[in-house]
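Here is the structure we will look at.
Please treat every number below as a calculation from the coordinates, not as lab data. Nothing here was measured: the structure is a model prediction, and the numbers come from that model. Because the Cβ atoms are built from the backbone with ideal geometry, glycine has one as well, and the counts that use them run over all protein chains shown.
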Amino acid sequence: MEDDTFPFIGVGINNDILKLYNDYDLNVANIIDLRELATDEMQSDELRIVILMTLGREVLGREIEKFF
């Protein structure tokens, strides 16, 4: 994960990255939060704080289910 050629992509992933470091001493080099990309692309600051389901609906026009 420290190899910056492999991105770690998600929505609101800062806590996940912190957990990886705290629990497993793993550093993540290339972090991409899809909310930032959507905010820039759609020029909407409101997308900066949304969850995955809202992001899917607003950007893709589709409902996204999150499976655990």
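Brief remarks follow.
- Gln43 falls short on exactly one of the conditions (1) of a type in the set (S, T, N, Q); (2) touching a strand residue (DSSP E or B) at 6+ places or on another chain (Cβ under 7 Å); (3) on the phi > 0 side of the Ramachandran plot, and that condition is (2).
- Of the numbered criteria (1) in a helix (DSSP H, G or I); (2) surrounded by 11 or more Cβ atoms within 10 Å (Cβ to Cβ); (3) not aromatic (Phe, Trp, Tyr), the one Asn22 fails is (2).
- For the stretch 51-68, a residue qualifies if it is surrounded by fewer than 13 Cβ atoms within 10 Å (Cβ to Cβ), in a helix (DSSP H, G or I) and within 15 Å of the chain's Cα centre (by Cα), but none of them does.
- Listed by first and then second residue, the pairs with beta-carbon distance under 6 Å, at least 6 apart or on different chains, first residue in the stretch 1-17 and farther than 16 Å from Leu34 by Cβ, second of a type in the set (Gly, Ala, Ser) and exposed (fewer than 13 other Cβ atoms within 10 Å of the Cβ), are Glu2/Ala29; Asp4/Ala29.
- Contacts under 6 angstrom Cβ, first residue in the stretch 20-40 being over 18 Å from Phe6 (Cα atoms) and touching a residue at least 12 places away in the same chain (Cβ under 8 Å), partner of a type in the set (A, V, I, L, M, F, W, C) and assigned to a loop (DSSP other than H, G, I, E, B), 6 or more apart: Arg35/Val11
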